[in-house]
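Participant: First the structure, then my questions, so here it is.
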């Protein structure tokens, strides 16, 4: 298998490490292979791919899309490094309000698979970073939602004190009213 999958403390959230072939020319790796993902139990059809570029200290998130267009995501960094977060916002989940964080970088080449039902966000730790992610549903602005990056229930220790935020990300509600 060209990928090594590591389970996290959150059900369905997986760290994915590719097999990297390195020689004098550079490197080659598969970043996604449908048959391998299906064999690993990840039968997700990705229908949209997004790329963002952000400067150091930027926090994007925590974002999710509501049903019926809830999105699974496969995220990776193609330049720089981020502190990538998945938070369980499923009200009926035993891990509601819990989160995991993984350092994703162009150097470690790891990806993070985040199933539908989780909020996602990241903080840029390098001078800048480019994050590429695939989604299982197309963007539907009417179903877009989010949770405050500094939500007290989640209490995520972001690696930045005063983040660069969009106005939209400043306005998301706290987690508790969304689920309980």
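Participant: If all Cα-Cα distances of region 131-180 are sorted into 10 Å bins from 0 onward, what percent lands in each bin, rounded to whole numbers?
Facilitator: Values per bin, smallest distances first: 20, 44, 35, 2.
Participant: What percent do you get for the relative contact order of the chain when only Cα pairs under 8 Å and 6+ apart count?
Facilitator: Normalised by residue count, the contact order of the chain is 29 percent.
Participant: Now a separate question. How much length is gained if the chain between residue 35 and residue 56 is pulled fully straight, taking 0.36 nm per residue apart and subtracting their Cα-Cα distance, in nm to one decimal?
Facilitator: Numbers: separation 21, 0.36 × 21 = 7.56 nm, distance 3.60 nm.
Separation in residues times 0.36 nm, less the Cα-Cα distance, equals 4.0 nm.
Participant: Just the C-alpha atoms of region 1-44: what Rg/Rh do they give, with Rh taken as the Kirkwood radius?
Facilitator: Answer for region 1-44: 1.06.
Participant: Here is a follow-up. Stokes-Einstein diffusion coefficient for the chain at 4 °C in a medium of 1.567 mPa s, Rh from the Kirkwood formula over Cα pairs: what value in µm²/s?
Facilitator: Here the translational diffusion coefficient equals 78 µm²/s.
Just so you know, all these numbers are worked out from the coordinates, no wet-lab data involved. The structure displayed is predicted, hence computed values, not measured ones.
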